[in-house]
Each structure stands twice: as structure tokens, then as C-alpha cells.
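Take a look at the structure set out below.
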Amino acid sequence: MDLIASLLLIALLIAASAFFAVAEIAMAAARRLKLRQLADLGEHRATQVLAVQDAPGHYVTVVQIGLNTIAILAGIVGDGALTPHFAAALRWAGMGEERLGGLSLALSFLTVTVLFVLLADLLPKRVGMNDPERLAMRLVGPMLWLSALFKPVVWTFTRAADGLSKLFGLPQTRDDRITHHDILALTAAGTLTGAVHSSEQQIIENVFELDTRTVESAMTSRERVVWLAMDDDEVLLRTRVAEDPHSTYLVCGEGIDEVIGYVDATDMFARVLREEPIGLRACGDSGLIKKVLIVPDRLTLAEMLTQFRQAHEDFAVIVNEYSLVVGVITLNDVMSTVMGAMVAPHDEEQIIRRDDGSFLADGVTPIPDLERALDIAEWPHAGQYDTLAGFLMVMLRRIPKRTDTVTWEGWRFEVMDVDRHRVDQVMIAKVS
């Protein structure tokens, strides 16, 4: 065989090997979401690719038969086609016959290997990774035709591979379930490339945290609730509303744990404009006081949204197992948790990074916010608390006092201020 024919045969084998390499990598890298969109638009080849991904046994068998067969043929052809030409070139250069055979064979092997690695493996796979869906749809037809052509051989190898997979306990089909971890990983990658803004990534993370955060992480705590008593006179009501303006006020009896209902500030303002009395006792039958939604303190924020939707309310009272009020929550509180820094003003941030790398945090800072700020994945006694103050209480086994410290995962938590048994400020710094 002359040199031109040898090179043409090797080129043909390289092209065939590149075909199988592209078919393999494109099928593996093709994204199911994009393929599903194309299939929904009527692209039948996308449907074929999805079917192959669901049951790739025959497809993979054809690819491996083709690649291994071509590799063997390339070795045989390279040895028989190129070795004589290398030997003639070396003989012309003056090399002795005792080393001529071994060196010419080594040069032939090296040449064929380099050509196949570059042109039949690396380059085709890089092409396949750049546009996997389009290439997978183009090649799925020829690959299915080859599967049908060599069906007996493909069936035999596929059954043998299935048997070995069962023997070693390997899964028979690919698990393509998409979890929230996959979505978060995609958004994190999009943030690194600039396709997703950091604030948008934060919103997506907050949405998934609705299933794990309890209502206590977003509520207005008991000591901060502004409530109105049934027996308050109009002067006291006007003064309290003017000093602490809110959209909704809790109405109680003699104490905050004796919940009666709630009133909307707009309804009270409307009565004032109409020069009607706003005394709660006098207006008890006028519809000013509305029935309040009461929920347990162990609900998640996602469950709280469901409660709001079912009750057609946007305000609720949170009670513990002893029926004591622990706080109130509004729909706006839940949505503010989702939107994060995009809606919260700077002076309301619960955890602030200082110039020296330390943090100043409020005691009611939710644990998920601390996880992101401090990059702490695991917390001790998880599930027993929802806030920074709860973490300190569990670790100290008592009510924290000023200068109390706790060290965890390389961070030192020092209580800076306590207001009537409530942890107000905590300094968080790296342990040197």
C-alpha cells in the first residue's frame, strides 16, 4: 500500500472515530430541560434524544463497539501502512538495520496515537461539549440506524452489560430528577459568570428556605408587638397609633395573651374622618374588630403562606404550645424574608459586616442568614433553635449575659448587650 492510500485510510478511521466520540459526548452532555422545550415545540429529533437518554443501553453499546473496533483497526493499519515508509526514510538517513525495525514501528505507533488523540478524541469531544443538543439531534438518527443494523451484536453486548450492572448493584437508568440543590448550583454558576445578579441569587435561595425557616425567624417578637386593649379610651388609642404607626394592631383584653382580634389602621382613620368614635369597646359590634388568624410557632414560612391564602388574611398571631403569644407576623414579613436586602433598608439589617471582617448581629438574626454570612454549614443541636439568641442559649445552657462567649467553627460569638433577658447585640469575629 502506497503512502497516499495509507494516509487516506487512516483519515477515514479518524473521521469514523470522531463521529462516535461526538455522538457519545453530545448525548451525555445534552440538557434535558432544553431538549424538552424543543420537543414541546414539535422537534421529533429532540424526542428521540430524550428517549435514548432514558434508556441509553443500545446507544452506548454501538458507540463502544465502534470506538474499540476502529482503535484496533487503526493499530493494524498504522503498523502495516506507515512502518515501511518510516523504515525507508530511516534507511535513507543512514540508520543500521539492527535498530531500523524497532524505531520505525515506534514512530508509526506514535504518529497514529497522536493523530487519534487530537483529531478523533480531544477535538470532537470539545466540539460536542460546545453545542451538545444540536449535535445530539443530528447524530441520533444515524446512531439509531446503526443500532438496528447491528441489532444482534448490540443486543448481546447490552444484555451482558446489564447483567454485570446488576451483579455490581449499579443503577439501570439515569436519575434525572432535579432537586433544589441543582437549581441553587446553577444560579451560583450564573452569578459567577454574571448572568445572574447576586441579589437575584439570594432571592432564589430565600424561596427554597421558606420550607425550612419557621415563622419565628420572620415574626415581630412579643416584646415588640404594639397592641391595643379593649378598655383603652380614645385619647390613649390616638396617642398609641400616632407614636407607633402600623397597618394592623392586635386587640387584646387585659393582657397580650388574651387575644380578641385585630383592627386595620385604615378602618380607624376612616372612622376618625367621619367623626365617629374609635373606642374598641363601643365599636365591638361595628365590624371594626376582625377575627384574627392564630397559628402555632412551629409552622414554616411556606406553611404560613398557605395559611394566609386559605384564610384570605395577611396578619396572624403566633402562639406556643402553652397558648402564649410569642409574636405576630404579616404577609409583608414573609415577602421581606424572600426579597432580603432588595426591600430591607440598610438600618434594618440584622447582621452587618464591619471593616475588620467581624460582624455585628442582632440576637433575632435567623440561623440561615448566619450560615450565608459566616459560611457555616453545620450547627450544634440543629433544630432546637431558629435564631442567634437561641443558639447562644443552647450552647450556654442558660440566659446569656454581657461578655458571654461561644466559639464554633472558627468563629467567636460574644454577647455585647442584653436588654431584659433579650440578647440585643452579638459581636462575631474569627478566632485568631
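The values are calculated or read from the model by the stated rules, or taken from the named source; none is laboratory data. Only a predicted model underlies this, so the values are computations on that prediction, with no experimental measurement involved. All Cβ positions, glycine included, derive from the backbone under ideal geometry; neighbour counts span all protein chains shown.
So here's what we get for this one:
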quantity	calculated
Exclusive hit being part of a helix (DSSP H, G or I), within 18 Å of LEU123 (Cβ to Cβ) and at pLDDT 85 or above, set ALA51, ALA23, ALA39	ALA23
Residue that is farthest from GLU216 (Cα to Cα), among those in segment 419-429 that are at pLDDT 90 or above and out of contact with any Phe, Trp or Tyr (no Cβ under 6 Å at 6 or more places or on another chain)	ALA429
Some residue of segment 231-239 being in contact with a Lys or Arg (Cβ under 7 Å, 6 or more places away or on another chain) and assigned to a loop (DSSP other than H, G, I, E, B)	yes
Unique residue being within 16 Å of PRO132 (Cα to Cα) and either at pLDDT below 85 or not assigned by TED's automatic domain parsing to the domain that holds PRO142 (or both) when the list is LEU90, LEU105, LEU100, LEU33	LEU33
Single residue of ASP267, ASP333, ASP314 found to be modelled with pLDDT under 90, charged (D, E, K, R), surrounded by 13 or more Cβ atoms within 10 Å (Cβ to Cβ) and under 15 Å from MET219 (Cβ atoms)	ASP333
Selection count where residues are surrounded by fewer than 13 Cβ atoms within 10 Å (Cβ to Cβ) and either outside any helix (DSSP H, G or I) or not assigned by TED's automatic domain parsing to the domain that holds GLN64 (or both), scope segment 145-163	0
Failed condition for ARG309, given (1) touching a helix residue (DSSP H, G or I) at 6+ places or on another chain (Cβ under 8 Å); (2) free of Cβ contacts under 8 Å to residues at least 40 places away in the same chain; (3) in a helix (DSSP H, G or I)	(1)
Residues of segment 215-224 classified as among the β-branched types (Val, Ile, Thr) and surrounded by 20 or more Cβ atoms within 10 Å (Cβ to Cβ), total	1
Where a residue in segment 314-334 is aromatic (Phe, Trp, Tyr) and its partner, wherever it lies, is in a loop (DSSP other than H, G, I, E, B), with Cβ under 9 Å and at least six apart	PHE315/SER247; PHE315/VAL292
Qualifying residue in segment 286-294 (condition: crowded, with 16+ Cβ neighbours inside 10 Å, of a type in the set (Ser, Thr, Tyr) and outside any helix (DSSP H, G or I))	no
Flag for GLY279 being without any contact (Cβ under 8 Å) to a residue 40 or more places away in the chain and in a loop (DSSP other than H, G, I, E, B)	no
Candidate set from segment 240-260 (those that are part of a helix (DSSP H, G or I) and charged (D, E, K, R)); member that is farthest from VAL317 (Cα to Cα)	GLU243
Test: residue in segment 136-150 that is among the polar types (S, T, N, Q) and either under 18 Å from ALA16 (Cβ atoms) or modelled with pLDDT of 85 or more (or both)	yes
Residue pairs meeting the criteria (Cβ under 7 Å; at least 6 apart or on separate chains; first assigned by TED's automatic domain parsing to the domain that holds ALA23 and of a type in the set (D, E, K, R), in segment 132-144; second assigned to a helix (DSSP H, G or I) and buried (at least 20 other Cβ atoms within 10 Å of the Cβ))	GLU133/LEU35
Residue selected from segment 156-169 under the condition more than 35 Å from the chain's Cα centre (by Cα) and touching a residue at least 60 places away in the same chain (Cβ under 8 Å), by the criterion farthest from LEU35 (Cα to Cα)	PHE157
